[in-house]
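Structure first, commentary second.
The values are calculated or read from the model by the stated rules, or taken from the named source; none is laboratory data. These numbers were taken from a predicted model, which means no experiment stands behind them. Using ideal geometry, Cβ is built from the backbone for each residue, glycine included, and neighbour counts are taken over all protein chains shown.
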Amino acid sequence: MQKSSVRSRPSLSVRIDLDPAGRIGPGKIQLLENIHANGSISAAGRAMDMSYKRAWDLVDEINRICRHPAVERQTGGKNGGGAVLTPFGLSLVARYRKIERAAASAVRKELAALQTDIGRQRKASGR
């Protein structure tokens with residue numbers, strides 16, 4: 001594996017456990033955002049290098065764990081239909097992003113301090 005020449009900064013990733021078997025995190029939220037942008041589960045999956053089956057399985061999981069449909073398939077039309085986010089799906093994405101921004105804001109100083117500590121460790125070890 002090739003090391004990147006650009007040093008990465010510590011960052012926060014938010015995962016929300018909704019029940020013991022279900023969680024919502026950055027990947028599922030990105031999938032929902034891609035469905036909203038592309039109007040299609042398959043196009044959203046392709047944008048994430050994911051098969052239609054994998055994308056559909058994730059959508060099905062989101063709908064199941066939230067107990068409300070976040071995505072509705074649309075049939076018909078000359079292009080064969082597509083998919084749209086429901087009002088709940090739009091709200092889910094907006095609320096997740098709001099939680100994510102609040103969490104990032106809350107830990108910003110600590111992440112900067114961690115970056116400083118890591119830099120000191122690298123210098124001390126001669127890297």
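Residues are listed down the side, and each one gets a yes or a no for (1) surrounded by 13 or more Cβ atoms within 10 Å (Cβ to Cβ); (2) aromatic (Phe, Trp, Tyr); (3) at pLDDT 95 or above:
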{"residue": "Gln2", "(1), (2), (3)": "no, no, no"}
{"residue": "Ser5", "(1), (2), (3)": "no, no, no"}
{"residue": "Ser8", "(1), (2), (3)": "no, no, no"}
{"residue": "Ser11", "(1), (2), (3)": "no, no, no"}
{"residue": "Gly25", "(1), (2), (3)": "yes, no, yes"}
{"residue": "Gln30", "(1), (2), (3)": "yes, no, yes"}
{"residue": "His36", "(1), (2), (3)": "yes, no, yes"}
{"residue": "Asp49", "(1), (2), (3)": "no, no, yes"}
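One line per residue, one yes/no per condition, for (1) at pLDDT 95 or above; (2) outside any helix (DSSP H, G or I); (3) under 30 Å from Pro10 (Cα atoms):
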residue	(1), (2), (3)
Arg73	no, yes, no
Leu90	yes, no, yes
Val93	yes, no, yes
Gln115	no, no, yes
Arg127	no, yes, yes
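Residues in segment 94-107 include none that are basic (Lys, Arg), more than 17 Å from the chain's Cα centre (by Cα) and exposed (fewer than 13 other Cβ atoms within 10 Å of the Cβ). Could you go through segment 29-41 and let me know if any residue there is at positive phi and more than 12 Å from the chain's Cα centre (by Cα). Yes, there is a match, as at least one residue in segment 29-41 is at positive phi and more than 12 Å from the chain's Cα centre (by Cα).
Scanning segment 61-105 for residues that are among the aliphatic types (A, V, I, L, M) and either without any contact (Cβ under 8 Å) to a residue 40 or more places away in the chain or out of contact with any Leu (no Cβ under 9 Å at 6 or more places or on another chain) (or both) gives Ile62, Ala70, Val71, Ala83, Val84, Ala94, Ile99, Ala102.
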